[in-house]
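Notes to accompany the following structure.
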Amino acid sequence: MKIVGIDPGLVRTGYACLEVGGSGAVRVLDAGIFRLSARQPIAHRLKELDADLTALLEEWHPECMAVERVFSHSAHVRTAIVMAHARGVVLLAAARAEIAIHELAPASIKMAIAGTGAATKRQMQLAVAAQCGLARPPSPPDVADAIAIALAQARRIGALR
């Protein structure tokens, strides 16, 4: 089974495509970030993000996509709004490709991967590296977050032991 994990953003969107075998073994097929220019208008960045996501989905043909739910904190309302723009494009790309979409809360992703809902970025990077057998922690943290989102979804559907 192939699962795509997406950590949405309007400057950097993390992505990962994992393959989970019948034995529960995980292999990272592809992971990275889509870089979007903060100098460009939001509409242009959204269009670019859509093109990048469409290409990713066409390349890997995953069975499902997992994406982080919007987290809103009163001190960071603008961040939630900006993230929501990117999430809308992510959800649309998956729907257009007729891929099942799963939305996961940030704390549940951290709990599933690092054992605590309050894990730091560094803890997530280290946990992802250990669980995927990577030689070094994925960087930048957006990549580790995307891998973690896909791993959490794999656990959620029982694909991992």
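Collect residues whose amide H, placed 1.01 Å from N in the peptide plane, falls under 5 Å from the amide H of ASP30; neighbours closer than 5 in sequence don't count.
CYS17
Got a sec? Which residues in region 140-157 would a label at LYS121 touch, if it sits 7 Å along Cα→Cβ and we count backbone N under 17 Å?
Within reach of a label on LYS121: 140-149.
Please list, or write none, the lysines whose alpha carbon is within less than 22 Å of the alpha carbon of LYS121, excluding same-chain residues fewer than 8 places away.
Hits, sequence-local ones excluded: LYS110.
Select from ALA129, ALA118, ALA43 the residue whose mean-square fluctuation is largest in a Gaussian network model of the chain (Cα-Cα springs shorter than 10 Å).
ALA43
May I ask you to give the solvent-accessible area per residue for the chain, in square angstrom, as obtained with a 1.4 angstrom probe?
Normalised by residue count, the accessible surface of the chain is 50 Å².
Counting only protein heavy atoms and a 1.4 Å probe, tell me what percentage of region 36-161's accessible area is made up of carbon and sulfur.
56 percent
In degrees, nearest 10, range 0 to 90: what is the angle between the Cα axis of helix 141-156 and the longest Cα principal axis of the chain?
Tilt relative to the chain: about 60 degrees.
Give the percent of DSSP beta bridges with both residues in the chain that are antiparallel, rounded to the nearest 5.
If we restrict to bridges inside the chain, about 60 percent are antiparallel.
Which ³J(HN,Hα) values, rounded to whole Hz and listed in residue order, are derived for region 47-55 from phi using the Karplus coefficients 6.51, -1.76 and 1.60 in 6.51 cos²θ - 1.76 cosθ + 1.60 with θ = phi - 60°, glycine and proline given as x?
5, 5, 4, 4, 5, 5, 5, 4, 5
Using modelled backbone amide H atoms (1.01 Å from N, in-plane), which distant-in-sequence or interchain residues come within less than 5 Å of ARG12's amide H?
Residues meeting the criterion, in which the H sits 1.01 Å from N, are LEU36.
At what distance in angstrom do the alpha carbon centres of region 88-137 and region 28-50 lie from each other?
Computed from Cα coordinates, the inter-centre distance equals 18 Å.
Taking the Cα centre as origin and putting +1 on Lys and Arg beta-carbons and -1 on Asp and Glu beta-carbons, what dipole magnitude results for the chain, to the nearest 20 debye?
540 debye
Which of the peptides 144-152, 56-64, 103-111 is most tightly packed, and how do the rest follow, going by the mean number of other Cβ atoms within 10 Å of each residue?
144-152, 103-111, 56-64
How high is the FRET efficiency from ILE81 to SER37, r the C-beta distance, R0 25 Å, rounded to 0.05?
After rounding, the FRET efficiency stands at 0.85.
Go ahead and run the numbers for FRET between ASP30 and ARG69, Cβ-Cβ distance against an R0 of 22 Å, rounding to 0.05.
It comes out at approximately 0.40.
The values are calculated or read from the model by the stated rules, or taken from the named source; none is laboratory data. Nothing here was measured: the structure is a model prediction, and the numbers come from that model. Neighbour counts are summed over all protein chains in view; Cβ atoms, including those assigned to glycine, are modelled from backbone coordinates with ideal geometry. Accessible surface areas use protein heavy atoms only, side chains included; no ligands, DNA or RNA. Shrake-Rupley method; radii C 1.70, N 1.55, O 1.52, S 1.80 Å.
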